[in-house]
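Just below is one structure, and these are the notes that go with it.
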Amino acid sequence: MTFPKPSFVEAQPVPAPLNETPSTVPSTAPTGELRASRLSELGRQGRGVAAAVIPPAVTLLVLLALWQGAAGDSYTGVPSPQRIWIESKDLITDPFFDRGGVDKGLFWHVLTSLSRVGVGFSLSAVCGVMLGVLIGANRWAHRGLDPIFQVLRTVPPLAWLPISLAAFQQAQPSALFVIFVTSIWPIIINTAVGVRNIPDDYRNVARVLRLSPAEYFFKILLPATTPYIFTGLRIGIGMSWLAIVASEMLLGGVGVGFFIWDQYNSGRISDIVVALAWVGLTGFFLDRIVALAGRIVSRGSALS
Amino acid sequence: MGKAYLSIEGVGVTFQKGSARSEVLCDINLQVDQGEFVSIIGHSGCGKSTLLNVVAGLIPVTTGAVILDREAVEAPGPERAVVFQNHSLLPWLSVRENVSLAVDKVFRGVKSAAERKAWTEHNLDLVKMTHAMDKRPSEISGGMKQRVGIARALAMQPKVLLLDEPFGALDALTRAHLQDSVMEIQTALKNTVLMITHDVDEAVLLSDRIVMMTNGPRASIGNILPVTLDRPRDRLAVAEDPVYVHARAGVIEFLYARRAA
């Protein structure tokens, strides 16, 4: 670790003549030493980025090559990457077009699905945390509700759809309900575990300080449970993204799930592959966003 | 009866779990004067922590009563501040916030916001932790955490300070530092202190009296040994002092005799 100290003393401040173009050497040109240290700093950062980017990029290329080899040039079955590029170029390069009706770019389909997830997931986050706190804090609530929740959480998302349609009669609230009912269980269960795992020490501190129930809730219980809540929220958002695509396939209208089903019926398998890439990347970013929110809210003490 | 500042009168504690009853403490009587430093020593599992928790109000008595300053102890409260064995700082709060949580709760309506802030900092200054006020518990060492725990307890201005093996989890050097700090603070503030320990030297060095407990179950007080060393005490000077040596020998003899029994 021998970094030359940046020394600005040696730099000759050259007053730039007015007629000189600004694209030439900046007036406070770094000395050779300084430039070298900046370069080595850049090099180190570059190596870090490369280490993070190159392995998945190489893996991706290898997988695409294998896929290309396996699919070949046949016009039936799953298309090769090359054919996907040829057939779905518009879809890949312009996600923002809107030709009216359901003929829209993938961005709009994903946005519609995301807004549904946003509403359904927000509802389940609020209800899930409240129920989780109740179950975690109250022994009788735990005894009464936990077995029922443990059974209900194993019901697959799509199994809720018919009931949901029968109950709401309309596509939109049915889809929201399916998201809600799919994502709420991990939130409830993780919150409850978090509440029940609050160390006795924290409880004793609260008792010695004679915190009121409200103070205990906001100053001890919620912060102590935050890492668990966010674990639940991360699982929950992943599951709601799973549920939305499946339920949209059946509900129709707009949305990425509907898009996939629609393209299947039109025989445009290439478009489906593109949509899958969108679904996967969106789900990945949703997960990251919730994880990041957890880190910020719990001030870095989240498990994540 | 009732003359002492803190009076533990005929206290017995029985835990009931289903049909299994276990009598942990039996007929404990102890009087502590204001400003006195009393240590409770005994083997692991003898119920000394239970006794401290009873005084704190965290565990209810089965028989008997604890009376502090002419009032019976029925529930936990800030006038009996506890320094827990594993510091029990809240990890999502900074050092300052951990102390101010207690200060704001105890002195709301009594002190102004500025006074409370100053009081928080004053107490952190007492334990020499002002340099790390804005750090989180995870960013400071075990000894520092325990200092903050002590500051939080002192900041409540308790009538009696309860220390539950406060230095048990620390290395010997850190422990010696903290013991010196506690002695300094005790000299300055004249707190009434009840301390649980299993360290003989710690008990002799810090205490005015050492309460030795018999082994559980049905533990009770086996003997009480006054330590008549002058204060302030210097750990190097007292080590050779016959009073110190004698007290130390007395405690060790009690503990070993009990273990053999």
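The values are calculated or read from the model by the stated rules, or taken from the named source; none is laboratory data. What you see is a predicted model; the values in this text were computed from it and never measured. Cβ coordinates were reconstructed from backbone atoms using ideal geometry, including for glycine residues, and neighbour counts include every protein chain displayed. Accessible surface areas use protein heavy atoms only, side chains included; no ligands, DNA or RNA. Shrake-Rupley method; radii C 1.70, N 1.55, O 1.52, S 1.80 Å.
Counting only helices (runs of 4 or more DSSP H) that sit completely within segment A:119-232, those holding 3 or more residues that are within 14 Å of chain B (Cβ to nearest Cβ) correspond to A:200-208, A:213-216.
One residue alone among A:L123, A:L111, A:L106, A:L91 is aliphatic (A, V, I, L, M) and without any contact (Cβ under 8 Å) to a residue 12 or more places away in the chain, and that residue is A:L111. With a requirement of 2 or more residues that are among the polar types (S, T, N, Q), the strands (runs of 3 or more DSSP E) lying completely within segment B:125-224 that satisfy it span B:192-197. If the condition is being outside any loop (DSSP other than H, G, I, E, B) and within 11 Å of another protein chain (Cβ to nearest Cβ), then segment B:55-87 contributes B:A56, B:P78, B:E79, B:R80, B:V82, B:V83. Please verify whether segment A:93-100 includes one or more residues that are more than 14 Å from A:R268 (Cβ to Cβ) and among the acidic types (D, E). Checked against the condition, which is being more than 14 Å from A:R268 (Cβ to Cβ) and among the acidic types (D, E), segment A:93-100 yields at least one hit.
The set of residues in segment B:88-102 being away from chain A (no Cβ under 12 Å) and open to solvent by 50 Å² or more (accessible area, probe 1.4 Å) consists of B:R96 alone. Here is the figure for segment B:213-257: residues that are modelled with pLDDT of 90 or more, open to solvent by 60 Å² or more (accessible area, probe 1.4 Å) and of a type in the set (G, A, S) total 0.
Selection within segment A:85-132: residues that are under 30 Å from A:A65 (Cα atoms) and of a type in the set (S, T, Y). The member of this set that is most open to solvent (accessible area, probe 1.4 Å) is A:T93.
Annotation: of all residues in segment A:266-285 being modelled with pLDDT of 90 or more and open to solvent by 30 Å² or more (accessible area, probe 1.4 Å), the one that is farthest from the chain's Cα centre (by Cα) is A:V273. Scanning segment B:155-212 for residues being open to solvent by 60 Å² or more (accessible area, probe 1.4 Å) and not polar (S, T, N, Q) gives a total of 11. Taken over segment B:140-155, the criterion of being over 14 Å from the mean Cα position of the chain (by Cα) and either of a type in the set (A, V, I, L, M, F, W, C) or within 13 Å of chain A (Cβ to nearest Cβ) (or both) is satisfied by B:I140, B:M144, B:K145, B:V148, B:A155.
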